[in-house]
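Worksheet: the structure to be examined is printed underneath.
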Amino acid sequence: MTATAPTKKQETSTATGLPLAEWMERYTRQPIEVVSGEIVTMSPPTRQHVRIARDLLFAIEAFLEKNPLGEVWPDNTPYVLDGDERKDWVRDSRVPDVSFISRERINAHEEKYGSEEGPWRLAPDLAVEVVSTNDRYSDVVQKVADYLRYGTRLVWVIDPQNRTVRVHTPDDPDGHTLHEADTLPGDPVLPGWQIAVRVVLDGPEAQQAE
């Protein structure tokens with residue numbers, strides 16, 4: 001359910017993480033996440049996975065063109081969640097399928113870290129994960145918990161098989177489920193934006209068919 005990876009494989013059990021430079025070098029060869037210090041190798045997504053993430057990205061981008069609240073980022077955008085002054089080491093990193101960062105936080109990040117050569121050293125305001133058939137429930141729960149623990153304000157877990165979107169916030173960490181007849185709002189991260197769950201699952205053509 002990551003940016004490029006519906007399946008995951010633990011590669012090491014040292015639970016210590018790795019240096020930032022090594023993490024970046026390995027990521028260029030194959031996308032990885034680091035979960036509580038353990039390296040998790042990502043494998044390729046399905047076409048459905050990619051389509052859902054792509055269409056959602058485009059929908060948010062269209063809204064941001066008229067409402068410049070921040071920037072939306074595609075899959076393959078890595079986040080070092082524990083990115084603080086200990087910036088040369090990675091113990092927790094995630095790669096959401098779609099993400100959004102507010103303009104204020106982007107400006108603060110650039111002022112602190114400068115160059116765009118490195119990763120984002122923060123948790124996105126919005127993180128979106130598309131569930132794949134072989135994702136373990138425990139992994140999904142852990143991923144949501146990690147985002148919220150590090151400061152993400154809104155997490156959407158899109159489940160194409162069950163045709164649902166589960167919405168998580170710091171005030172509602174267990175989340176609530178939206179079904180295909182419901183509407184997914186962007187509040188509080190993208191105030192004023194909304195989209196039909198059916199359109200999230202089936203693409204813009206579903207809206208045109210209504």
* To do: Would you tally the residues in segment 165-210 being in contact with a helix residue (DSSP H, G or I) (Cβ under 6 Å, 6 or more places away or on another chain), over 25 Å from S102 (Cβ atoms) and of a type outside the set (K, R)?
  => 5
* Asked: Taking strands (runs of 3 or more DSSP E) that do not extend beyond segment 67-159, which have at least 2 residues that are under 22 Å from M24 (Cβ atoms) and at pLDDT 95 or above?
  -> 70-73, 98-102
* Asked: In segment 36-59, what residues are touching an Asp or Glu at 6+ places or on another chain (Cβ under 7 Å) and among the β-branched types (V, I, T)?
  -> I39, V40, T41
* **T41 being farther than 16 Å from E129 by Cα and surrounded by fewer than 20 Cβ atoms within 10 Å (Cβ to Cβ)** => yes
* Structure fact -> Only one of L81, L64, L56 is over 13 Å from the mean Cα position of the chain (by Cα), under 30 Å from P191 (Cβ atoms) and not aromatic (F, W, Y), namely L64
* To do: Examine segment 82-98 for a residue that is at negative phi, free of Cβ contacts under 8 Å to residues at least 24 places away in the same chain and either buried (at least 16 other Cβ atoms within 10 Å of the Cβ) or of a type outside the set (S, T, Y) (or both), and state whether such a residue exists.
  => yes
* How many residues does segment 140-152 contain that are surrounded by fewer than 19 Cβ atoms within 10 Å (Cβ to Cβ) and under 23 Å from R54 (Cβ atoms)? -> 1
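The values are calculated or read from the model by the stated rules, or taken from the named source; none is laboratory data. Small disclaimer: the values here were computed from a predicted structure and weren't measured. Positions of Cβ are backbone-derived with ideal geometry, glycine not excepted, and every protein chain shown enters the neighbour counts.
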